[in-house]
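Just so it is clear, none of the values below were taken in a lab; they were calculated from the coordinates. Keep in mind it's a predicted model, so treat the numbers as computed, not measured. Because the Cβ atoms are built from the backbone with ideal geometry, glycine has one as well, and the counts that use them run over all protein chains shown.
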Amino acid sequence: MTMELDDLLHELNDQRRTFRVTVRGLTAAEAVKRTTVSELTLGGLLKHLTWCERGWTHILTEQPLPPPGMLDFDQYTWTGEDFGELLASYDEAVRATDEAVRTTSLDKLVPLPSAPWDTDPQPMSIRRIVLHLIRETAQHAGHADILRETLDGQSTTASLYEAQAMS
């Protein structure tokens, strides 16, 4: 592995860890609760990040994606099934993404599927995909922090401090 790859995966995993700390200790009832005027829920954000990881892993490994009409455009909606299962699904998707990134070159260009928002996508490097995942995960970790604080007053910053103190 190169230092650049190590650094990129370290940053991506740091953002993932921040998100996981934010949802730590939630029940399914809490994860499905809307805490702002937005439709976003903590469970919905977790479902979306799982969907993103899986989608990008398919692209990284050049596996065909379903046709655009078959994509889950309701990916932010989570109706409160087993929250532990949702967390495990996210962890599995994360492992698959990391494995796909580690087994290829950051410079490799992969074709992107057509989507309603981009009917003529240009190939993207693995590096750029990892950078996109960092941005996506960080953005939603911030959303999750706000939702968690409005849910029960928990602060991700305080929770990260506690998590570090425990390890």
Distance cut-off 14 Å, percentage of C-alpha pairs in region 99-161 lying past it: 70
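Suppose we flag chymotrypsin sites (Phe, Trp or Tyr not before Pro) only when DSSP calls them loop and at most 14 other Cβ atoms lie within 10 Å. Which is the longest uninterrupted stretch of the chain?
Here the longest run is 1-72.
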Two-decimal Rg/Rh across region 1-147, once Rg and the Kirkwood Rh are taken from alpha-carbon atoms: 0.97
Amide proton proximity set for MET124, modelled H, under 5 Å, gap of 5+: VAL110, LEU112
Listed residues SER125, SER105, SER38, most fluctuating in the chain (Gaussian network, C-alpha, under 10 Å): SER38
10 Å Cβ shell holding at most 13 others, DSSP loop, GluC sites (Glu not before Pro): longest site-free stretch of the chain: 82-167
